[in-house]
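See structure below.
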Amino acid sequence: MTFRAKARLAGLVSALAILAACGSGESAETKAGSIDPQTFTDSLHAVMSADRTIYTQRVVNRLQNELNVIRASEHFVEDRALPLPAQMFRFGSEMVAERTDKFAYQLLSLWPINRQNAPRTDVERRGLQFVAANPGQNFYGEEELGGRRYFTAVYADSAVAPACVSCHNEHRDTPRSDFEMGDVMGGVVIRVPLS
Amino acid sequence: MAARGANRRLWLLWTVLTLAMFGVAGAIMAHGGPRNLLLIGKTTDAHHQIELACDACHTRAFGGREAIEAACRDCHQDELDRIDDSHPVAKFRDPRNADRLQRLDAMQCLSCHVEHNPGVTREMAVTLPEDFCSACHEDIGEERPTHRGLEFATCANAGCHNFHDNQALHEDFLEQHVGEAWLRQAPRLSVTAWRPPPGLTERLVRPARAPDAPPSIPLGAHVVGEWLGSAHAEAGVNCSGCHQPDGADPRNAASWIERPGLTQCATCHIAEAQGFTSGRHGMRLAEGMTIEWGGPFGLFRDRVLSPMRPELARLPMRADAHGRELTCNSCHGQHDFDVQRARVEACLSCHADEHSLAYRHSPHEALRRAELAGRATPGTGVTCATCHMPRHVTRRPNGVERLAVEHNQSANLRPNEKMVRSVCLDCHGLGFTFDALADRNLINRNFAGRPSARIQTLEWVETRMRRRGEP
């Protein structure tokens, strides 16, 4: 082989090697054994829901409503009280947001006490309406936000303790005051980026 | 031919001069020197004292916005956490806020607070138009009937909202204080009632009775006298405590520090030193305020900013205070550590603005005179420190309570509603407090007189309560 031919061959091999190396840094979806978005969000929701339910039932409801030891309050520092279950949930959501952008979650409602927690996107609105109208079912969709595509899952958030119902019904800013135990009061929205 | 030669020489001259200019600028940036040449306009009132310490904010060359943002958080994040920031970065990370962030990137300090922009800088070093809240809260009129028709330029008015600190302004708090009189039944600073936890009043140290300075150090009788009557002597802190940190020993005479400074005070008074260097009294002495760096072969030395001096301030200061350096001793004296003097006379030895000068014949000062003369209950007198450097109960790391003085005089002032909960409410009702803190003229007269206007905040809260049928 002439020197020129050898040089061309070397160049071709190097280029192929570089391309192969680039190709190995692919996203999780294409690797063997990766998790599909729906299983991912279902699993996350199982953990979130369990943690919050336990906090609501065994900490807030028991200490505030049954034993009268301490109350739960939105201004828990100055009132020397327990954080509200929704606050515990939101603090977790904010801490997660600081640590990773692989997923994000929010607690939203069609009847929010704080208007900032009302649905803002079409998928959120349809999801919250769906889970309220179809007890026991979840809502899955996709949307584009800020130039990225997301898989968005909405899970029903129900009144699991009397504390939920009484506080929301009586709050000065609540748009709805006829909640009952077991009612869907809102939804957990979990988003996973698709790219 | 001659013309072309002259042209070439001109080109050469311009090239050399340009390179020299860049070289000088680069040397100033890298090493130090006349850095005021690099300043591009008046800096904010908050930062003008440290404007020559470029690296305090521009922490890395070519670091971009991230480097500056990191510097903002380095100094200011603690306070934001402490006041439970209403708009923390964490609130905006969710993708559902992507459209809002495009209108106003609330995850960056620099979106709203840009230095070196005197033409557009407002209060609190904000460089956005007053109505920026409308970027996200355009529909507030639908949610709050009381807010329908209000202009967005009034969101941050006194007694209303603040982007970061709403501790005195949330509705639960306001409801508790509707209908209060301007003065409480028994006005008194609540911190006066604090007592140390039992068990701590036992003497853990023996008072110092004789100075332990090395014999070679001449001691003035008045110096020893002042020290013997001070809290330091009571607590067993001897000369060596401040002047010979390596320990009292006649052989150590060479290690005697003639004028101990912030570093020595900070070995024990850590929290106070941190507060001092966080505010405008001591920010020039904070860490990282190097303005010149040492060069190779010891040609140049590191140089940090000197302590603040009254003539460098933008507030009016007394002419006879010019040249005095502002350190711990400026307010606390050198050996007597007179706390009463630190509360008023120390302040007035430098500050000469309207509000300070008006203190002398103000209602608050009358209360102080009465308290000092024994004619009034302890805790009813109001000094400069009462409002601007208040005492508060804090907890040590081991959980034990102690009384501390806030040494960051800016902590209560941005905005001045921060004073409401830590100071004013001890004696006054909330409505009166809002009215007074909103009245610039009344503040300038040091509260001699009554507020001129009513702030509507509590009336709106009362209206909502009545609509719900609450008393």
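Summary table
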{"item": "Given (1) surrounded by 15 or more Cβ atoms within 10 Å (Cβ to Cβ); (2) within 14 Å of chain A (Cβ to nearest Cβ), index of the condition residue B:28 fails", "result": "(2)"}
{"item": "Subset tally (residues that are surrounded by 14 or more Cβ atoms within 10 Å (Cβ to Cβ) and either modelled with pLDDT under 90 or in a helix (DSSP H, G or I) (or both)) for region A:41-72", "result": "19"}
{"item": "Looking only at region B:152-184, and only at residues there that are part of a loop (DSSP other than H, G, I, E, B) and of a type in the set (Asp, Glu), the one that is modelled with the highest pLDDT", "result": "B:180"}
{"item": "Tabulated pairs, region B:330-344, first over 14 Å from residue B:406 (Cα atoms), second among the β-branched types (Val, Ile, Thr) and in a helix (DSSP H, G or I), C-beta under 7 angstrom, 6+ apart or interchain", "result": "B:335/B:223"}
{"item": "Matching residues, region B:348-397, being in a loop (DSSP other than H, G, I, E, B), exposed (fewer than 15 other Cβ atoms within 10 Å of the Cβ) and either touching a strand residue (DSSP E or B) at 6+ places or on another chain (Cβ under 7 Å) or among the basic types (Lys, Arg) (or both)", "result": "B:375, B:396"}
{"item": "Qualifying position, being modelled with pLDDT of 90 or more, over 25 Å from the mean Cα position of the chain (by Cα), among the hydrophobic types (A, V, I, L, M, F, W, C) and surrounded by 12 or more Cβ atoms within 10 Å (Cβ to Cβ), among B:19, B:101, B:10", "result": "B:101"}
{"item": "Residue ID - farthest from the chain's Cα centre (by Cα), chosen from residues in region A:93-105 that are more than 9 Å from chain B (Cβ to nearest Cβ) and surrounded by fewer than 16 Cβ atoms within 10 Å (Cβ to Cβ)", "result": "A:99"}
{"item": "Region A:127-150, subset in a helix (DSSP H, G or I) and more than 14 Å from every other protein chain (Cβ to nearest Cβ), residue surrounded by the fewest Cβ atoms within 10 Å (Cβ to Cβ)", "result": "A:133"}
{"item": "Region B:166-183, residues that are more than 14 Å from chain A (Cβ to nearest Cβ) and either free of Cβ contacts under 8 Å to residues at least 12 places away in the same chain or surrounded by 14 or more Cβ atoms within 10 Å (Cβ to Cβ) (or both)", "result": "B:180, B:182"}
{"item": "Region B:351-390 - residue that is within 18 Å of residue B:427 (Cβ to Cβ) and polar (S, T, N, Q) and, of those, farthest from the chain's Cα centre (by Cα)", "result": "B:377"}
{"item": "Single residue of region A:79-92 satisfying the filter (in a helix (DSSP H, G or I) and out of contact with any Leu (no Cβ under 8 Å at 6 or more places or on another chain)) that is surrounded by the fewest Cβ atoms within 10 Å (Cβ to Cβ)", "result": "A:91"}
{"item": "Extreme residue, nearest to residue B:329 (Cα to Cα), among residues of region B:234-251 that are of a type outside the set (Asp, Glu) and exposed (fewer than 15 other Cβ atoms within 10 Å of the Cβ)", "result": "B:245"}
{"item": "Selection from region B:134-151 of residues that are assigned to a helix (DSSP H, G or I) and within 20 Å of residue B:104 (Cα to Cα)", "result": "B:134, B:135, B:136, B:137, B:140"}
{"item": "Exclusive hit being within 14 Å of chain B (Cβ to nearest Cβ) and not aliphatic (A, V, I, L, M), set A:120, A:176", "result": "A:120"}
{"item": "Filter result for residue B:187 (surrounded by 14 or more Cβ atoms within 10 Å (Cβ to Cβ), in a loop (DSSP other than H, G, I, E, B) and in contact with a strand residue (DSSP E or B) (Cβ under 8 Å, 6 or more places away or on another chain))", "result": "yes"}
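The values are calculated or read from the model by the stated rules, or taken from the named source; none is laboratory data. Note that the coordinates shown come from a computational prediction; the quantities given were computed from them, not determined experimentally. Cβ: placed from backbone, ideal geometry, glycine included. Neighbour counts: every protein chain shown.
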